[in-house]
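Comments concern the structure below.
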Amino acid sequence: MNISTPVNISTQARTLAKDLLNFIDLSPSPWHAVEQIEQQLLSTGFTKLDETQAWQLSTGKRYFVVRGGASIIAFTLGSKPLPDTGFRMVGAHTDSPSLRLKPKAAYETDGLLRIGVEVYGGPILATFTDRDLSIAGRVTVRTETGHAIKLLKFDDALMRLPNLAIHMNREVNEKGLKLNKQTELPLLFGESAAGVEAEQQFLAYIAAALNIAPQDILTFEFNVFDTQKGSFWGASQEFITNSQLDNLASCHAAVTALLNASNQESSNICALFDHEEVGSESATGASGSFLSDVINRITANIGLSEEERLRALAQSFFVSADMAHAYHPNHAGAYEPCHHVMVNQGPVIKTNANQRYATNADTAARFISLCERAKVPFQQYSHRTDLGCGSTIGPILASGLGVASVDVGSPMWAMHSIRESAGVLDHHYMIEALSTLFNS
């Protein structure tokens, strides 16, 4: 029996989507995401720089630098003078809304070990219930000379947030699941061992995974993640689902596009920041000095004067790549009538008159031109006027650098859920559009 498929997915688009899912599965925390990107850059000829050391840069070479373990900037230096070309830049963020463990997380209640968490950003908390959860992040351990940072990820399901049975919450389907962030979000970890403090049990578990003594653990930062792997779905397997599509999909698209760039004349920057979901106000966030520091060091290193640096910025173009709200037919009233963006129909240009997005008429036209040259479709989005509009790193960096900027993203469903969905074709389309930027 032959069943017709309404969506034609190319082998290339499916391969890129599978690569994205694998990247997300290996990146359950911002620190793991940057580690994966760092390995990819090193394997493709990029040189790692250290902010504490002097830089010696050469035209035609490729470099990257990491700040704080969770933010990374990669760049290439083209042969044409920077004051004449400027930088072609793409920015995204490595963090996603989630639960984070408190510094002293473990405690015992009625014979059960519970793990205290804080809400990071704006996740849909109800989606964390009844999932196979685990933790990933970084641990600071004592060494003979001071301390070292080790990444750690537990692949097995360690924790859970069980729902309250409907027999004790009869109105849950009418009023929705509401969780008190202090008393009802702690995760169940296991049965407590008699006579041993909960915190010591938890530290011993971490120490065993690192093959160190529990007393050598100084601090940790752990992100709660869903152990279920990403997958394809739909009649034509035209959709993908995973956690952290917002915004690891944009990170993956930006890095892939940078690696695809073949134009040796242009100078390109891919800047991926931590802490976007909590306002970007940090040393590693977009509101910090990371990108401007890197730009200033580049221009100083290649001998540009202050006048030439400012000319280079005036010639530059910045694309803020974050995800976009796809139209959901079950909730048609949540959308602006003339701005229904559809999954698998191309990158979305996001506009807000109050500058929640950095897009203006000129920068939107420039991105439309990129899409047309890349032969990919594009869409335009505006939020309902009576709903608060989210924001991105776009306005932050546009104002901080004084660079022409546009906000774009791939359409997705269930943004900030622990299980988000997007389109196979859209990821390919975004990579093609960003590759065209880097090759311009």
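The values are calculated or read from the model by the stated rules, or taken from the named source; none is laboratory data. No experiment lies behind these values; they were computed from the predicted model shown. Heads up, the Cβs are rebuilt from the backbone with ideal geometry, glycines too, and the neighbour counts pull from every protein chain shown.
A quick yes/no check of all residues on (1) at pLDDT below 95; (2) more than 30 Å from Thr85 (Cα to Cα):
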{"position": "Ile217", "(1), (2)": "no, yes"}
{"position": "Asn223", "(1), (2)": "no, yes"}
{"position": "Ala249", "(1), (2)": "no, no"}
{"position": "Ala254", "(1), (2)": "no, no"}
{"position": "Ser262", "(1), (2)": "yes, no"}
{"position": "Asn268", "(1), (2)": "no, no"}
{"position": "Val278", "(1), (2)": "no, yes"}
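The residues of segment 239-280 that are hydrophobic (A, V, I, L, M, F, W, C), in a strand (DSSP E or B) and under 14 Å from the mean Cα position of the chain (by Cα), listed by number, are Cys270, Ala271, Leu272, Phe273. Only one of the numbered conditions (1) within 27 Å of Asp293 (Cβ to Cβ); (2) touching a helix residue (DSSP H, G or I) at 6+ places or on another chain (Cβ under 9 Å) is not met by Val7, and that is (1). For segment 263-277, the count of residues that are farther than 20 Å from Ile149 by Cα and surrounded by fewer than 15 Cβ atoms within 10 Å (Cβ to Cβ) is nonzero.
If the condition is being over 19 Å from Gln228 (Cα atoms), among the aromatic types (Phe, Trp, Tyr) and surrounded by 19 or more Cβ atoms within 10 Å (Cβ to Cβ), then segment 1-57 contributes Trp31, Phe46. Yes or no: segment 9-32 includes at least one residue that is touching a strand residue (DSSP E or B) at 6+ places or on another chain (Cβ under 7 Å) and over 20 Å from Gln244 (Cα atoms). Within segment 9-32, none of the residues are touching a strand residue (DSSP E or B) at 6+ places or on another chain (Cβ under 7 Å) and over 20 Å from Gln244 (Cα atoms). Of all residues in segment 78-128, those satisfying the criterion of being out of contact with any Pro (no Cβ under 7 Å at 6 or more places or on another chain), part of a loop (DSSP other than H, G, I, E, B) and under 22 Å from Asn242 (Cα atoms) are Ser96, Ile124.
Condition check ((1) in a loop (DSSP other than H, G, I, E, B); (2) within 18 Å of Glu118 (Cβ to Cβ)) across all residues:
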{"site": "Asp130", "(1), (2)": "yes, no"}
{"site": "Gly137", "(1), (2)": "no, yes"}
{"site": "Leu152", "(1), (2)": "no, no"}
{"site": "Arg170", "(1), (2)": "yes, no"}
{"site": "Leu177", "(1), (2)": "yes, no"}
{"site": "Gln200", "(1), (2)": "no, no"}
{"site": "Tyr205", "(1), (2)": "no, no"}
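Selection within segment 44-75: residues that are basic (Lys, Arg) and in a strand (DSSP E or B). The member of this set that is nearest to Ile269 (Cα to Cα) is Arg62. Among all positions in segment 321-329, there is at least one residue which is farther than 23 Å from Phe273 by Cα and free of Cβ contacts under 8 Å to residues at least 12 places away in the same chain. Ile135 passes every criterion in (1) farther than 30 Å from Arg311 by Cβ; (2) of a type in the set (Val, Ile, Thr); (3) surrounded by fewer than 21 Cβ atoms within 10 Å (Cβ to Cβ) apart from (3). Evaluate the following for Ser236: is it among the small types (Gly, Ala, Ser), crowded, with 21+ Cβ neighbours inside 10 Å and not in a helix (DSSP H, G or I)? No: the conditions fail for Ser236. Restricted to segment 154-168, and to residues there that are outside any helix (DSSP H, G or I) and of a type in the set (A, V, I, L, M), the residue that is farthest from Leu133 (Cα to Cα) is Ala165.
If you go through segment 276-319 and keep only what is of a type in the set (Gly, Ala, Ser) and touching a Pro at 6+ places or on another chain (Cβ under 8 Å), you end up with just Ala312.
Residue-level check: of (1) more than 30 Å from Thr143 (Cα to Cα); (2) in a strand (DSSP E or B), Thr183 misses just (2). Out of Ser435, Ser417, Ser399, one residue alone is buried (at least 19 other Cβ atoms within 10 Å of the Cβ) and assigned to a helix (DSSP H, G or I). It is Ser435.
Can you tell me which residue in segment 93-126 is nearest to Glu184 (Cα to Cα), limited to those that are surrounded by 17 or more Cβ atoms within 10 Å (Cβ to Cβ) and among the polar types (S, T, N, Q)? So, considering only residues that are surrounded by 17 or more Cβ atoms within 10 Å (Cβ to Cβ) and among the polar types (S, T, N, Q), the one nearest to Glu184 (Cα to Cα) is Ser98. Among the residues examined, Asp84 qualifies as over 30 Å from Glu191 (Cβ atoms), surrounded by fewer than 15 Cβ atoms within 10 Å (Cβ to Cβ) and either of a type outside the set (Ser, Thr, Tyr) or modelled with pLDDT under 95 (or both).
Give the residue that is nearest to Ser440 (Cα to Cα), with candidates limited to residues of segment 340-389 that are within 22 Å of the chain's Cα centre (by Cα) and not in a loop (DSSP other than H, G, I, E, B). In this case the residue turns out to be Phe367.
As for segment 187-194, it holds no residue that is in a loop (DSSP other than H, G, I, E, B), out of contact with any Leu (no Cβ under 7 Å at 6 or more places or on another chain), closer than 30 Å to Thr436 by Cα and of a type outside the set (D, E, K, R).
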